[in-house]
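Every read-out reported here was derived from the displayed coordinates using simple, explicitly stated rules and does not represent laboratory data. Just so it is clear, the model here is predicted, and its values are computed rather than measured. Cβ coordinates were reconstructed from backbone atoms using ideal geometry, including for glycine residues, and neighbour counts include every protein chain displayed.
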Amino acid sequence: MDFLTLSKKRYSVRSYAETPVSDELIEKLLLAAQNAPTAHNNQPQIIYVMRSQEALDIVDASTRARFGAPLVFVVCYDNVLSWKSKDGRDSGIVDASIVATHILLEATDLGLGSVWVGLFKPDILREKLELPENIIPVCVLPMGYASETSVPLNLHDQRRPLSETVRFL
Ligand SMILES: Cc1cc2nc3c(=O)[nH]c(=O)nc-3n(C[C@H](O)[C@H](O)[C@H](O)COP(=O)(O)O)c2cc1C
């Protein structure tokens, strides 16, 4: 599959089959994450792979948006490791977001589905995972095989035309 087709195929999956994701596929997802570019190559990401029932219960306490997925990635960054510009900007959120995007696209390539969940309570994750202050959760990524009834929401196809989002100079 060429990249343009892959990027078009990806959509936010909000209904999952119970089928577990193999360790082999989890490793591929993590290797795709490892390949992500990060500022100064500092690689500040910390990825929690939530797959035990206890871990999934923690996810459920922090968000209503697991959508029945048997596996969840919580993508964080370490703000001690993340690169800071001289004017004080921290690249951590950008780095973690690129890492998460690699995971989403690799998932599509592997025949899996995922969705970026921003609506979660970081304080609950912080408390239950005993995250130190320097570990910042950025997104929750439910992961698994899309259920047979899963379809993209209408929003998926609503793409602003390039004429609105691109400026050729
Ligand atoms: C930063 C960010 C936060 C998001 N938060 C949520 C969320 O909390 N819940 C959810 O169901 N989808 C969430 N989404 C998914 C978007 O709604 C979705 O990507 C968008 O509507 C386009 O649809 P598509 O992913 O199917 O192409 C989020 C996406 C991004 C990039």
Those lysines that a straight Cα-Cα span of less than 27 Å connects to K84, excepting residues fewer than 8 apart in one chain: K121
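With helices defined as uninterrupted DSSP H runs, which ones in the chain have an alpha carbon span along their own long axis of at least 20 Å and mean Kyte-Doolittle hydropathy of at least 1.0?
On the way: long enough: 92-109 (26 Å, 1.03).
Counting only whole DSSP H runs, the qualifying helices are 92-109.
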Label-point gap, in nm, between N154 and V80 - each point 7 angstrom along Cα→Cβ: 4.9 nm
Taking R0 as 25 Å, what's the FRET efficiency between D109 and D57 from their Cβ-Cβ distance, rounded to 0.05? 0.25
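Calculated FRET efficiency, D87 and L162, Cβ-Cβ r, R0 41 Å, to nearest 0.05?
Details: r = 32 Å, r/R0 = 0.77.
Efficiency computed from Cβ-Cβ geometry: 0.85.
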Would you tally the net charge around V49, using a Cβ to Cβ cut-off of less than 12 Å, leaving V49 out, and scoring K and R as +1, D and E as -1? -1
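Given the Cα-Cα distance of N134 and E27 and 0.36 nm per residue of separation, how much length would full extension add, in nm? All intermediate terms of the calculation are to be shown ahead of the outcome.
Details: separation 107, 0.36 × 107 = 38.52 nm, distance 2.55 nm.
Extra length from N134 to E27 when fully extended: 36.0 nm.
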Hey, what did the chain get for relative contact order, percent, Cα under 8 Å, at least 6 apart? 34 percent
Using a Förster radius of 45 Å, what is the FRET efficiency between K9 and D123 based on their Cβ-Cβ separation? Nearest 0.05, please. 0.80
Quick one: which residues, 5+ away or cross-chain, put their amide H under 5 Å from the amide H of N134? H built at 1.01 Å from N. none
